[in-house]
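Since the structure comes first, as structure tokens, the remarks are kept for the end.
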Amino acid sequence: GGEETDENGSASEGEGTETEETEGNDAADATYTIEAGIGLNNEHPQYKGLLEFKEIVEEETDGDIHVKTYHSSQLGDDREMMESLQLNTQEVTIPSTAPVANFVEEFTVFDFPFLFPNEQVADEVLDGEIGDQLLDKLEDEEMVGLAYWENGFRDLTNSKRPVESAEDFEGLTLRTMENDLHLDAFSELGANPTPMAFGELFTAMQQGTVDGQENPLATIYLESFYEVQDYYSDTHHVYSPFVFLMSKQFYDGLPDEYQTIVEDAAVEAGEFQREQNREANEELLADLEEEGMEITEVSDEDRAEMAEIVQPVIDEYAEEIGTDFVDKVYQAIEEAEEN
Ligand code: KDG
């Protein structure tokens, strides 16, 4: 529930790498320890969701599983943390789907530009058969996918000019996530994409190595990107899910009962996280403007033009992933839209 604001609040003030212990739980008494790390900071709803996961798991195992939480890439970037999961030197991480596609290429489909029309449709497809099918594929990569959380619709910021239409991308040096589809789509729009780990982004913008970046509003505001960026556009070009990942070796070593507990906790904390995230993404635009960013609203026509330009890239990746599977995704989206 939302009653642990105090704990969240004090956790976000902490200077150290570890959050304060959940009351009543003594790490020394635990049989299992989960080290959980994310790239975003402790202000982000993703971290609040992680604290919720910690609380549920520690309570339901009576402290027998202890969860240590890390934020701001303290344990590494998305790729490094996933590799640590494979080696079982870290137990949990929650990356965007984009870098996950470097391990299981089918995940690329969720990053197709303008794929999901809204969050509700995304929830239904991700939490349904299609989403499950992809989570299952992670096991060959020594990871277990327990749930989808939400990063959200990605928007554009830059330090050069207002971006209103497709032409405005021309020549902008943009940091992208480490994902080939993202790279090719932004190239197609005329930008100069530079893949980079999230932890290096702020400095890259500050030093002018890149002109801009794209992320959901919550990240843009809560990571104080307004300090180094002047223009924001609500492009909403990609819906970015998070995947809650656990080391397969660690998961397999848990008693059945604990496997169920961590799985249910990932889903339950995910529901809480999605709620928090949606609130943040709704509320923060005014705050961003107050911080001095110039806000540009992108029209549906301009979005449609962007979509048309990147369509050949989408088609290419659909071929690569398998058009049968991609068609199933489109079909699931259509069905969800009817509900
Ligand atoms: O905690 C998640 C981050 O590590 C990352 O996935 C955020 O969307 C993201 C980005 O732009 O790298």
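The values are calculated or read from the model by the stated rules, or taken from the named source; none is laboratory data. Quick caveat: nothing in here was measured; it's all calculated off a predicted structure. We place every Cβ from the backbone using ideal geometry, glycine too, and count neighbours over all the protein chains shown.
Quick rundown of the values:
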item	result
Selected residue (only one of Gly253, Gly292 is on the phi > 0 side of the Ramachandran plot and more than 16 Å from the ligand (Cβ to nearest atom))	Gly292
Any hit, segment 196-209, residues being β-branched (Val, Ile, Thr) and closer than 19 Å to Phe114 by Cα	no
Failed item in (1) under 30 Å from Asn118 (Cβ atoms); (2) in contact with a Ser or Thr (Cβ under 9 Å, 6 or more places away or on another chain); (3) of a type outside the set (Gly, Ala, Ser); (4) away from the ligand (no atom under 16 Å from the Cβ), with Asn192 passing the rest	(1)
Single residue of segment 148-161 satisfying the filter (within 12 Å of the chain's Cα centre (by Cα) and surrounded by 24 or more Cβ atoms within 10 Å (Cβ to Cβ)) that is farthest from the ligand (Cβ to nearest atom)	Tyr148
Single residue of segment 57-80 satisfying the filter (touching a residue at least 60 places away in the same chain (Cβ under 8 Å), surrounded by 21 or more Cβ atoms within 10 Å (Cβ to Cβ) and closer than 23 Å to Pro241 by Cβ) that is farthest from the ligand (Cβ to nearest atom)	Val57
Among the candidates Arg274, Arg278, residue that is crowded, with 19+ Cβ neighbours inside 10 Å and among the basic types (Lys, Arg)	Arg274
Subset of segment 292-303 [within 24 Å of the chain's Cα centre (by Cα) and either under 16 Å from Glu105 (Cα atoms) or surrounded by fewer than 12 Cβ atoms within 10 Å (Cβ to Cβ) (or both)]	Glu297
Residue identified as within 21 Å of Met293 (Cα to Cα), charged (D, E, K, R) and out of contact with any Ser or Thr (no Cβ under 9 Å at 6 or more places or on another chain) among Arg175, Arg161, Arg154	Arg161
Pair list, Cβ < 8 Å and 6+ apart or interchain, from segment 198-223 residues that are aromatic (Phe, Trp, Tyr) to residues that are within 12 Å of the ligand (Cβ to nearest atom)	Phe198/Gly39; Phe198/Leu40; Phe198/Ser73; Phe198/Asp77; Phe198/Asp78; Phe198/Met177; Phe202/Glu223; Phe202/Phe225
Conditions (1) under 24 Å from Ala185 (Cα atoms); (2) away from the ligand (no atom under 16 Å from the Cβ); (3) aliphatic (A, V, I, L, M); (4) touching a strand residue (DSSP E or B) at 6+ places or on another chain (Cβ under 9 Å): number failed by Ala122	(2)
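Yes/no matrix, rows are residues, columns are (1) over 21 Å from Gly128 (Cβ atoms); (2) assigned by TED's automatic domain parsing to the domain that holds Met81:
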position: Tyr251; (1), (2): yes, yes
position: Leu254; (1), (2): yes, yes
position: Asn277; (1), (2): no, yes
position: Val298; (1), (2): yes, no
position: Gln311; (1), (2): yes, no
position: Glu316; (1), (2): yes, no
position: Glu338; (1), (2): no, no
